[in-house]
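Coordinate-derived values only; no laboratory data. Fair warning: this is a prediction, and the values are worked out from it, not measured in the lab. We place every Cβ from the backbone using ideal geometry, glycine too, and count neighbours over all the protein chains shown.
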Amino acid sequence: MSESFSEAQTQAIKRLAEAREKILDQMSQVIVGQREVLDQLLISLFCRSHCLLEGVPGLAKTLMISTLARTLSLKFNRIQFTPDLMPADITGTEVLEENRTTGAREFRFIEGPVFANVILADEINRTPPKTQAALLEAMQERQVTVGRVRHPMMDPFFVLATQNPIEQEGTYPLPEAQQDRFMFKVLVKYPSFDEEFEIARRTTALQEDHIVPVLQGEEILELQKLVRQVPITDHVIRYALCLVRQTRVGQPGCPEFVQEQVSWGAGPRAVQFLILGGKARALLHGRTHVSTEDIQALAHPVLRHRLVINFAAESEGITPDDVVTRLLEVTPDKEDELTQDARFQEIFAS
């Protein structure tokens, strides 16, 4: 891949950086704060991936996602997951109809709510594994299989699943292997005092928003292709690899604190998402190259749901975010320091 971009690509990069500012500006009419969460949603979208959002009720997760769909001029569907939801309720089903012209009976497929550009899978951990798996097939394969017929999804196709971390009774937590299919696990936190003051002021008064679409579906598809064309140096790839490989217990170069606190580490998909996310983040900030700063900024949302903390660490209140923070502290971001460190030389040789 050439380091230089064509004139058309340069204009597309400029348009993407401008679109990010316009999208955030449009969303600020409805959503107060949450800039980091919105940035991560945009990065995931332009990487052609999906997000898992976790936060307590009332933090405007649903409103945030529906507003994002409006700014992107995309078809939006919300699916409320419940314990009695069946796979056909989200994917669609075949019905037997009589052809009035010929009199013959034939099956016709009726699309379910998953056939949209932006899907909000609300409280995904409340539905049984069979229904979760139906959504995950659509996410991974970008198709739905009903009977023997495969039905392709719309493009772009972006799934945002939410889960409530408080209530665990009557829920079906996503297994680690299924969580791995989500690019990011985004934590939606409580607003600051000033942000909550503004929320209270806005939502208790008569107010209308005027959301103007910023990007069309075709433009999003072009920008998704552009993300993969962004050049990245071998050093930044090594840095991302080192972060991920240090999470694997028993492997060469694994730090002592990881050996003591982690049961299972992240797989190769984490490296892919760190690099892809770094490329998208660079473009969204108007840059044509990926830096270690981009990798560092995305390390927590990429790795937090791919690390399994052991019981001893959990009992001490240690979280995956704590482990990722320490990994960032012990991993040099300068090329010379990284390549000359004896522990990382073990990782390079493994």
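So, in nm, how far is label Asn99 from label Arg269 when the simple model puts each one 7 Å beyond its Cα toward the Cβ?
4.2
For the range 141-224, what class follows from the C-alpha gyration tensor (a ≥ b ≥ c being the square roots of its eigenvalues): rounded when a/c is under 1.5, otherwise prolate if a/b is larger than b/c, else oblate?
oblate
Which entry in [x] 128; [y] 144; [z] 187 is this structure's computed volume of the Cα convex hull per residue in Å³?
Entry [z].
Give me the number: length gained by fully extending Lys130 to His285, i.e. 0.36 nm times residue separation minus the C-alpha to C-alpha distance, one decimal in nm.
51.8 nm
Toward the positive end of the charge dipole of the range 230-349, about the Cα centre and with charges on Cβ (Lys, Arg +1; Asp, Glu -1), which of Val258, Ile295, Thr331 goes farthest?
Farthest along the dipole direction, towards plus: Ile295.
Would you please give the FRET efficiency between Ser28 and Arg142, computed as 1/(1 + (r/R0)^6) with r the Cβ-Cβ distance and R0 = 35 Å, to the nearest 0.05? Before the final figure, lay out the partial values.
On the way: r = 32 Å, r/R0 = 0.91.
That pair, Ser28 with Arg142, gives E of 0.65.
At R0 = 41 Å, how high is the FRET efficiency between His151 and Phe311 if r is their beta carbon distance? Nearest 0.05 is fine.
On the way: r = 43 Å, r/R0 = 1.06.
Once rounded, the FRET efficiency stands at 0.40.
Taking 10 °C and 1.306 mPa s as the conditions, I'd like the Stokes-Einstein D for the range 218-319 in µm²/s, using the Kirkwood hydrodynamic radius from alpha carbon pairs.
Translational diffusion coefficient: 108 µm²/s.
Counting only helical runs of four or more DSSP H residues, what would the 222 nm mean residue ellipticity of the chain come to if each run contributes -39,500 (n - 2.57) and the total is spread over all its residues?
Working: 16 runs with 165 residues, N = 350.
Calculated mean residue ellipticity at 222 nm is -14000 deg cm²/dmol.
Which of Pro152, Pro87, Pro113 moves the most in a Gaussian network model of the chain with Cα springs under 10 Å?
Pro152
Would you mind calculating the gained length between Arg15 and Ile237 on full extension (0.36 nm times residue separation, minus the Cα-Cα distance), in nm to one decimal?
77.3 nm
Using DSSP to call loops (not H, G, I, E or B), can you name the GluC sites (Glu not before Pro) in the range 1-110 whose Cβ has at most 11 other Cβ atoms within 10 angstrom?
Within the range 1-110, the qualifying GluC sites (Glu not before Pro) (loop, at most 11 other Cβ atoms within 10 Å) are Glu3.
DSSP H helices in the chain with Cα extent of 20 Å or more along the helix axis and mean Kyte-Doolittle hydropathy at least 0.0?
268-284
Counting Lys and Arg as +1 and Asp and Glu as -1, each charge on the Cβ, what is the dipole of the range 7-222 about the Cα centre in debye, to the nearest 20?
On the way: 23 positive and 32 negative charges, 68 e Å.
Dipole size: approximately 320 debye.
Grab the beta carbon distance between Gln229 and Glu293, set R0 = 25 Å, and tell me the FRET efficiency rounded to 0.05.
So the FRET efficiency works out to roughly 0.75.
Taking the Cα of Asn164, stepping 7 Å toward and past its beta carbon, and measuring to each backbone N in the range 112-152: which are under 20 Å?
120-129, 131-132
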